[in-house]
Amino acid sequence: NAYLEVASGRYDRVLAIGIQKMTDVNTEEATKIIAAVIDREEAEYGLTMPACGALVAKSLMHDYKLDDKEWTELAAQWVARAHRFAVQCPQAHLSFPLPVERYMADRDNNRNWVYYDPLRLYDCCPMSDAVAACILTAEPQAVQVVGVGSATDLPTVADRGQFASFPATVMAARYAYGMAGVTDIRDMAHKLYVNMHDPFSSFGPVNLVDLGLIEHQDALQALCDDTTTGPQGRFPTNLSGGLLARGHPLGATGMVQVVENHRMLLETSQYQMALAHSIGGPINNNVVTLLEKT
């Protein structure tokens with residue numbers, strides 16, 4: 001909306017702010033508040049946001065024919081990756097290393113217990129506080145917005161045909177890429193930085209496929225492979241730890257991603273473009289934003 005206000009000529013400058021203060025309530029109360037975005041009847045039957053994450057995980061296990069052991073080994077690698085990068089991010093909430101060995105040891109000692117099968121404690125993002133802001137202006141800048149896309153999906157989880165893809169992400173990405181004149185986002189390999197929405201470990205592989213970055217058959221290993229998503233990889237992704245470890249301050253997360261991407265483009269010569277991907281509601285109100293060096 002801020003972009004459109006400037007692009008339409010109505011305003012020369014618009015301040016956009018994202019803010020969230022979550023730690024004033026305990027985890028149980030926060031979970032209830034967040035569940036208010038879920039269909040009331042489904043919420044009454046126990047559907048919460050972590051339960052949505054678990055449904056996605058179960059779908060991945062089914063589609064890729066993973067047993068519990070194989071799933072846990074993959075999840076441990078995804079979580080370890082997030083924490084490895086969060087350690088290097090001053091703003092990260094969970095800025096401590098969590099190697100695969102600790103994840104597995106905690107599992108065996110019942111410290112990293114299952115919350116929503118098969119999601120364990122560290123497969124879920126923390127409740128975080130944050131604020132981020134940016135000013136959009138009609139005046140020429142070193143970085144410009146070249147693509148914005150927003151799309152929605154069915155609000156009721158029970159009415160969806162599958163959970164291994166998020167249609168609102170696919171549509172939002174197409175809008176953003178089309179606006180930016182990008183025919184195939186994979187042509188931006190080694191030039192694009194990616195900030196994708198991963199509040200649960202199960203979301204990462206789905207997002208990479210939905211955004212058109214990775215083929216379906218490569219999705220599970222993409223976040224384990226630095227040549228694909230590491231700092232020097234084809235599509236460097238969530239190098240601040242993502243939502244899993246940097247934190248997820250709900251209403252601020254999307255703006256945090258945009259601010260991070262802006263800094264990345266200004267401070268790093270490696271990237272020409274940066275992608276921010278944000279999910280709202282029960283995975284049904286998704287946004288993709290592209291920034292590019294002028």
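The values are calculated or read from the model by the stated rules, or taken from the named source; none is laboratory data. Source: prediction; values computed, not measured. So basically every Cβ, Gly included, is an ideal-geometry build from the backbone, and we count neighbours across all protein chains shown. Accessible surface areas use protein heavy atoms only, side chains included; no ligands, DNA or RNA. Shrake-Rupley method; radii C 1.70, N 1.55, O 1.52, S 1.80 Å.
Laid out as a table, the results:
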{"item": "Residue 106 vs. criteria open to solvent by less than 40 Å² (accessible area, probe 1.4 Å), charged (D, E, K, R) and assigned to a loop (DSSP other than H, G, I, E, B)", "result": "no"}
{"item": "Residue count, segment 257-284 (criterion: modelled with pLDDT under 95, polar (S, T, N, Q) and within 16 Å of residue 166 (Cβ to Cβ))", "result": "1"}
{"item": "Whichever residue in segment 8-35 is open to solvent by 80 Å² or more (accessible area, probe 1.4 Å) and among the aliphatic types (A, V, I, L, M) and, among such residues, is modelled with the lowest pLDDT", "result": "33"}
{"item": "Residue tally, condition within 22 Å of residue 220 (Cα to Cα) and either part of a helix (DSSP H, G or I) or open to solvent by 30 Å² or more (accessible area, probe 1.4 Å) (or both), over segment 149-167", "result": "5"}
{"item": "Single match in 146, 170, 206, 182 (criterion: under 29 Å from residue 94 (Cβ atoms) and either open to solvent by 10 Å² or more (accessible area, probe 1.4 Å) or at pLDDT 95 or above (or both))", "result": "206"}
{"item": "Subset of segment 79-91 [over 14 Å from residue 260 (Cβ atoms) and open to solvent by less than 10 Å² (accessible area, probe 1.4 Å)]", "result": "79, 82, 83"}
{"item": "In segment 109-143, residue most open to solvent (accessible area, probe 1.4 Å) [restricted to those that are outside any helix (DSSP H, G or I), under 30 Å from residue 58 (Cα atoms) and of a type in the set (Ser, Thr, Tyr)]", "result": "115"}
{"item": "Where a residue in segment 246-267 is small (Gly, Ala, Ser) and its partner, wherever it lies, is crowded, with 23+ Cβ neighbours inside 10 Å, with Cβ under 6 Å and at least six apart", "result": "254/278"}
{"item": "Matching helices (runs of 4 or more DSSP H) fully within segment 209-294 where at least 1 residues are touching a Phe, Trp or Tyr at 6+ places or on another chain (Cβ under 7 Å) and not small (Gly, Ala, Ser)", "result": "219-222, 226-229, 253-267"}
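Here's the yes/no breakdown for (1) touching a residue at least 60 places away in the same chain (Cβ under 8 Å); (2) of a type outside the set (D, E, K, R):
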residue	(1), (2)
157	yes, yes
168	yes, yes
189	no, yes
194	yes, yes
198	yes, no
202	yes, yes
205	yes, yes
212	no, yes
